[in-house]
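Q: Dumping the structure here so I can ask a few things about it.
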Amino acid sequence: MNTDVLVAGAGPAGLVLACDLARRGVAFRIVDALPAPPDHRSGSRGKGIQPRTLEIYDDLGIIDRVHGLGGPYSPAQAWDGPKPLGAAKFHRIERRDPTPDVPYPSMWMLLQPRALDVLRARLAEFGGKVEFGTKLATFTQDADGVSCMLAHPDGRQESLRVGYLAGCDGARGVVRAGSGVEFASETIDPHPMITADVVIEGGLDREHWHMWDNAKGGALWLGPLVHTNAFQLYAKFENEEPDLSFEALRRLVRDRTEKPELNVTEVLYASHFGSRSGLAKHFRIGRVFLVGDAAHVHPPAGGQGMNTAVQDAYNLGWKLGQVLRHGAPDALLDTYQEERLPVAAHLLEFVVQMHKDWLGKAKDKEEPRKGEHMQLGLNYRGGPLSCDERGAVGEGVTRAGDRAPDAQLTDARGAPVRLFDAFRGGHFTLLALGGAAPPVLDGKAGRGGVRSYRVVPAGSPGMGDATLIDAHGQAHRIYGDGVIVVRPDGYLGYAGPAGAAGVHDWLVRSFG
């Protein structure tokens with residue numbers, strides 16, 4: 001093999017996967033057909049980061065950069081022509097206060113080119129880099145690997161032999177087409193739509209997301225883009241084909257807002273886009289994996305597409321690491337499809353229904369962003385890697401397959417520690433709660449693959465460096481008693497009573 005993994009595509013999914021592989025010491029290459037990294041001219045789509053994705057960025061060590069370069073979503077202001085509809089301004093996207101278990105409770109805006117800059121910088125810190133201008137042209141696979149042909153910008157062709165191929169190259173990419181997998185799709189809304197990033201003069205305030213839902217010719221929205229002087233324009237067309245020229249966009253804003261003082265002075269980006277949904281029948285085809293838009297296509301309502309792609313990458317990354325670096329059986333990679341395909345199908349069903357509901361009513365309410373739609377409540381309960389041997393537990397206690405929440409603790413010296421601090425780094429984390437001592441692990445898991453902590457109430461005897469003090473009972477309310485194993489992607493894999501031998505059996509699946 002020339003390398004273990006080829007990652008095709010350097011969007012959010014490809015970069016997150018590359019970062020995860022790099023920090024695990026997996027040999028990989030990541031290529032992208034674009035000649036250079038995307039900049040502001042590539043547009044602001046994919047800017048909404050859901051809370052669960054923010055938790056991944058925390059684990060990758062980039063949350064401070066993400067917060068510094070982004071900002072919260074603005075409340076929305078509805079308009080009827082030149083008149084605001086009442087004094088009340090509402091939130092399309094609910095803002096919530098942080099809690100000990102959910103430190104990042106609200107969607108965060110970060111323009112996608114900036115997010116990609118942050119991820120590429122983190123990849124460089126891990127020792128990796130994107131090969132821009134390098135396209136995956138063709139590939140074939142056999143039982144032992146994948147033979148790929150790369151096309152370089154100077155016309156050179158390179159033959160590459162890899163263990164696995166990750167298709168992060170989007171809905172129109174080479175990998176899904178070349179895999180031959182069945183892909184079912186449908187049009188959700190037949191009306192043409194456009195999006196554009198525009199600079200507007202004329203006094204439109206930047207504290208609100210401005211919405212003309214009942215404008216003549218179709219809805220128009222203008223939303224301020226954080227840390228820029230631009231607005232994102234969204235427009236739907238009922239009876240005409242969109243014109244993306246500068247003069248047409250200038251006229252569109254004036255006509256639909258009925259505010260002639262608004263003047264588009266610059267168009268940074270403009271594009272047609274459709275409202276389609278689609279799902280691949282398989283996410284794993286032998287040694288080839290479909291990730292993100294290559295596996296599922298979401299309509300724009302709900303802000304799920306990019307975030308689901310990042311979750312795909314995070315699910316796949318640690319599994320490739322265990323197989324390639326720790327001798328886990330290849331069957332572990334089957335669980336990528338077994339876990340992620342049902343999640344993607346569920347989210348597609350939800351978003352499609354949201355979009356259809358939206359077609360029939362004005363947006364005068366908050367969008368429904370309960371736990372699962374912020375991707376916090378999505379789980380793998382009953383899945384192939386979820387084993388819960390505790391029987392009945394208290395109400396609200398997490399079970400195997402659930403997301404592993406945060407909690408505020410202290411270490412044995414009294415310094416504050418978050419559970420997310422214990423999880424951060426891509427390892428497995430074993431928590432022994434309720435007086436249980438951490439079981440002694442042997443084999444590969446015992447040689448550093450799992451970090452173990454004893455979580456105890458304040459004043460408990462026998463505290464050591466691996467003890468976390470749950471002074472306010474947060475961890476015990478969230479996790480209950482017994483032994484918990486948190487997977488590298490932040491989900492509970494195993495939950496059992498103190499002394500249960502099942503934890504060893506569960507770990508063997510991930511360490512061989």
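The values are calculated or read from the model by the stated rules, or taken from the named source; none is laboratory data. No experiment lies behind these values; they were computed from the predicted model shown. Positions of Cβ are backbone-derived with ideal geometry, glycine not excepted, and every protein chain shown enters the neighbour counts.
Q: Give the residue that is nearest to residue 136 (Cα to Cα), with candidates limited to residues of segment 154-192 that are free of Cβ contacts under 8 Å to residues at least 40 places away in the same chain and among the charged types (D, E, K, R). Don't jump to the end; show me each part of the working.
A: Taking segment 154-192 and keeping what is free of Cβ contacts under 8 Å to residues at least 40 places away in the same chain, we get 154-159, 172, 177, 190.
Now drop any that are not among the charged types (D, E, K, R), which leaves 154, 156, 158, 172.
Details: 154: 14, 156: 12, 158: 10, 172: 13 Å.
That would be 158.
Q: Tell me, please, whether a residue that is hydrophobic (A, V, I, L, M, F, W, C) and either at pLDDT below 90 or assigned by TED's automatic domain parsing to the domain that holds residue 312 (or both) can be found in segment 394-406. Let's see the steps before the verdict.
A: Initially, segment 394-406 is screened for residues hydrophobic (A, V, I, L, M, F, W, C), giving 397, 400, 404.
After this cut, where a residue has to be either at pLDDT below 90 or assigned by TED's automatic domain parsing to the domain that holds residue 312 (or both) as well, the list is none.
No, that holds for no residue.
Q: While we're on this one: All but one of (1) outside the structural domain of residue 50 (by TED's automatic domain parsing); (2) surrounded by fewer than 19 Cβ atoms within 10 Å (Cβ to Cβ) hold for residue 252; state the number of the condition that does not hold.
A: (2) is the only condition that residue 252 fails.
Q: In the list 452, 460, which residue meets the criterion of being part of a loop (DSSP other than H, G, I, E, B) and in contact with a strand residue (DSSP E or B) (Cβ under 9 Å, 6 or more places away or on another chain)? Give the steps one after another, and end with the answer.
A: On the way: 452 fails: part of a loop (DSSP other than H, G, I, E, B).
Going through 452, 460 in turn, just one is part of a loop (DSSP other than H, G, I, E, B) and in contact with a strand residue (DSSP E or B) (Cβ under 9 Å, 6 or more places away or on another chain): 460.
Q: What strands (runs of 3 or more DSSP E) completely inside segment 56-153 contain at least 3 residues that are in contact (Cβ under 8 Å) with a residue 40 or more places away in the chain, over 27 Å from residue 419 (Cα atoms) and more than 23 Å from the chain's Cα centre (by Cα)?
A: Numbers: elements: 76-80, 130-132, 135-141, 146-151.
Passing ranges, in order: 76-80, 135-141, 146-151.
Q: When residues of segment 415-449 are filtered for being at pLDDT 95 or above and β-branched (Val, Ile, Thr), how many remain?
A: The number of residues fulfilling the criteria is 2.
Q: Hey, another quick one. Out of all the residues in segment 178-203, which are outside any strand (DSSP E or B) and crowded, with 18+ Cβ neighbours inside 10 Å? Give the derivation first.
A: Taking segment 178-203 as the starting set, the residues that turn out to be outside any strand (DSSP E or B) are 178-182, 202-203.
Passing the criteria: 178, 179, 181.
Q: Suppose the filter is part of a helix (DSSP H, G or I), in contact (Cβ under 8 Å) with a residue 60 or more places away in the chain and farther than 16 Å from residue 115 by Cα; does residue 6 pass it?
A: Numbers: part of a helix (DSSP H, G or I): no; in contact (Cβ under 8 Å) with a residue 60 or more places away in the chain: yes; farther than 16 Å from residue 115 by Cα: yes.
Taking the combined requirement at face value, the residue does not satisfy it.
Q: Can you tell which of 187, 195 is touching a Phe, Trp or Tyr at 6+ places or on another chain (Cβ under 9 Å) and either under 25 Å from residue 12 (Cα atoms) or in the same structural domain as residue 132 (by TED's automatic domain parsing) (or both)?
A: Values: 187 fails: touching a Phe, Trp or Tyr at 6+ places or on another chain (Cβ under 9 Å).
Going through 187, 195 in turn, just one is touching a Phe, Trp or Tyr at 6+ places or on another chain (Cβ under 9 Å) and either under 25 Å from residue 12 (Cα atoms) or in the same structural domain as residue 132 (by TED's automatic domain parsing) (or both): 195.
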